[in-house]
Structures are given as structure tokens and as C-alpha cells.
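S.K.: Quick one: the structure is below, and I'll ask about it shortly.
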Amino acid sequence: MPMLEVQNLNVRYGQLEAVRGVSFNVEQGEIVALVGSNGAGKSSTLKALIGLEPVAGGRILFEGRDIARLGSAARVSAGLSLSPEGRRLFGRMTVLDNLMAGAHTVGSRANVRARLDEIYALFPRVQERRAQLAGSLSGGEQQMVAIGRAMMAQPRLLMLDEPSLGIAPKIVAEIAGAIQRINRESGIAIVLVEQNARLALRLAHQAHAFEHGQVVRSGKGEDLLADPFVQKAYLGV
Ligand SMILES: Nc1ncnc2c1ncn2[C@@H]1O[C@H](COP(=O)(O)OP(=O)(O)OP(=O)(O)O)[C@@H](O)[C@H]1O
Ligand SMILES: [Mg+2]
């Protein structure tokens, strides 16, 4: 059984059908990339998966259970979490308080401590800056905090919306390395939404290209990297 099965997902904003019949699976331990141009429906898909936008149609099976009508807190408790596009940190709160904002579903203090230690091992800069206001950090550091906050919930499936957006290339490489470590060392499945299609397809086991709310190409990351349509549309080849 796949870990996540998205079947015929629809998301609407009034008359606009932002996501139209999207289906894909995520297997245990996989990195799945969703790529596509602006407005293609990638963020809407992630928001519908975590419960921040209502599902207008279709099913979302997580570990065999249909979660499409659960609230987002219940989905986080079930094992999903999202690091949203644009990071959405509380700029006037400390880094540590931002991380703690992701810890509502984590029971004991010992477990919270263990979560923090894991995140600090992944991102030593986050530990260095834990007492600073989040708004005073660089964009790349803020992105690390946003990923860390999503990791606090101890997800089995982590969704990352545009982790490289607006970040210096050196830091992008650092964040890409962290994404791979999260996947390999903790065995967490990842859905990675990226405008940087080259980066996402390199990291991904499976990938899906979105256009106008629909999946138009699917395959292994390496196969999509070699696909002439994908190269022309997203890789500038
Ligand atoms: N809250 C909203 N209300 C109305 N329309 C919206 C809303 N959010 C997104 N849309 C529209 O839905 C469509 C899909 O948007 P979405 O943000 O899912 O795309 P995306 O693939 O994440 O794009 P980007 O790469 O720019 O982040 C777009 O036409 C967008 O304008
Ligand atoms: Mg988006």
C-alpha cells in the first residue's frame, strides 16, 4: 500500500478550478517532486493535502485512511506536515518559539527536546540563532527554521513548498543536502514543490509536472530531467 494516495483531487476558488483531477502516490521513504510554472496548482495541492484549503473532489488516502475531510490539526497528528511557501514565520518571535509553534502534537518534554536536537543537528545555524528574532535572520536561515518547525511535529510525510525560493545558491545547496538527510537518515517521505525544477528533479525519486491544475508528465526524477518537453518547459534547455 502506498503511504499517500491522491486520487482525482480537485481544488476550487469560486469559479476557478485550480487543481483538476490530480492523482499521484507517495511510497514509504520516497521523495516526490511536483514541478510546474506559476499558478499551475502546486501550492493548492499541498494546501488541500494538509487541510488549509477544502477538497472540492477526490480522495486523499494516508496510510490507507481517507483524511480529506479531517481538519489540519488532525492531519498533522496523523503524520503529515507542511513547510509553507513564503516560510510564514512569526518574525517578532524568537527562532526557538517559532520551532515550538510546530510542536503542539508532540507529547512529552523529553520528546520536544529530542526533536529540537534533531533539528539543530540538521541545521547548526538554527541552533546558533535560537534566541534571535526570526525576522532578523537571512532568507536561507528563515527557510531552515520553517523546515525545522514542520519537522517538530515528527511527520512521516513532510511537504515542502518552494524551499529554495529567493535563497542564495550556496544556501540552496545546504538546504538540498538537509532534505536528503531528512529522507535518508530519518526515513521521512517528502513531497517537494519547487520552481527550481532541476534541483527538485535531481533530488526526487518520482516526479510530476503540473500545468493548469493538471498533471501532464509523471516519471522518475531522472527520466523527467531527460524528457524534451520538461527540458523545454522548465529547464531552459
Ligand atoms: N486563495 C486563493 N484565492 C483565489 N485564487 C487562488 C488562491 N490561491 C491560488 N489561487 C489561484 O489558483 C491557481 C493555482 O495557484 P497555486 O498557488 O496553487 O499555484 P502554484 O503552482 O503554487 O504557483 P507558484 O509557482 O506561483 O507558487 C492560480 O491561478 C492562483 O492564482
Ligand atoms: Mg506555489
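Bear in mind that the values in this text are calculations on the coordinates, not laboratory data. Please read all numbers here as calculations on a predicted model, not as lab measurements. Cβ placement follows ideal geometry from the backbone for every residue including glycine, while neighbour counts extend to all protein chains displayed.
S.K.: Can you name the number of the only condition in (1) within 16 Å of ligand 2 (Cβ to nearest atom); (2) within 25 Å of residue 224 (Cβ to Cβ) that residue 80 fails?
M.R.: Here residue 80 clears every test but (1).
S.K.: If you don't mind, another one. Given the condition within 16 Å of residue 160 (Cβ to Cβ) and polar (S, T, N, Q), answer yes or no: does some residue in the range 73-91 qualify?
M.R.: Yes, the range 73-91 has at least one match.
S.K.: Could you check the range 90-110 and list, in sequence order, the residues that are of a type in the set (S, T, N, Q) and either touching a Pro at 6+ places or on another chain (Cβ under 9 Å) or surrounded by fewer than 13 Cβ atoms within 10 Å (Cβ to Cβ) (or both)?
M.R.: 108 - this is the single residue of the range 90-110 that is of a type in the set (S, T, N, Q) and either touching a Pro at 6+ places or on another chain (Cβ under 9 Å) or surrounded by fewer than 13 Cβ atoms within 10 Å (Cβ to Cβ) (or both).
S.K.: Something else now. I'd like the full set of residues that are within 16 Å of ligand 2 (Cβ to nearest atom), surrounded by fewer than 15 Cβ atoms within 10 Å (Cβ to Cβ) and not aromatic (Phe, Trp, Tyr), limited to the range 1-24.
M.R.: Answer for the range 1-24, where residues must be within 16 Å of ligand 2 (Cβ to nearest atom), surrounded by fewer than 15 Cβ atoms within 10 Å (Cβ to Cβ) and not aromatic (Phe, Trp, Tyr): just 16.
S.K.: So which pairs qualify, if the first residue must be in the range 38-52 and near ligand 1 (Cβ under 6 Å from one of its atoms), the second must be of a type in the set (Phe, Trp, Tyr) and not in a loop (DSSP other than H, G, I, E, B), the Cβ gap must be under 6 Å, and the two must be at least 6 apart or on different chains?
M.R.: Taking only residues 6 or more apart or on different chains, the pairs are 40/210; 41/210; 42/210.
S.K.: Also, quick follow-up: Among residues belonging to the range 53-77 that are of a type in the set (Gly, Ala, Ser) and farther than 17 Å from residue 214 by Cβ, point out the one that is nearest to ligand 1 (Cβ to nearest atom).
M.R.: 72
S.K.: Name the single residue that is nearest to ligand 2 (Cβ to nearest atom) among those in the range 25-53 being part of a strand (DSSP E or B) and surrounded by fewer than 23 Cβ atoms within 10 Å (Cβ to Cβ).
M.R.: The extreme case among them is 26.
S.K.: Here's a follow-up. Checking the structure you have, find out if any residue of the range 74-91 is among the aromatic types (Phe, Trp, Tyr) and closer than 28 Å to residue 139 by Cα.
M.R.: Yes, because at least one residue in the range 74-91 is among the aromatic types (Phe, Trp, Tyr) and closer than 28 Å to residue 139 by Cα.
S.K.: I would also like to ask the following. Just to verify a result, which residue in the range 6-24, among those that are among the small types (Gly, Ala, Ser) and part of a strand (DSSP E or B), is farthest from ligand 1 (Cβ to nearest atom)?
M.R.: Among those residues, the one meeting the criterion is 23.
S.K.: How many residues, within the range 54-69, are touching a residue at least 60 places away in the same chain (Cβ under 8 Å) and either within 16 Å of ligand 2 (Cβ to nearest atom) or in contact with a helix residue (DSSP H, G or I) (Cβ under 8 Å, 6 or more places away or on another chain) (or both)?
M.R.: Of the residues in that region, 2 qualify.
S.K.: In the range 160-214, which residues are away from ligand 1 (no atom under 15 Å from the Cβ), in contact (Cβ under 8 Å) with a residue 60 or more places away in the chain and more than 22 Å from residue 3 (Cα to Cα)?
M.R.: Hits for the range 160-214: nothing passes.
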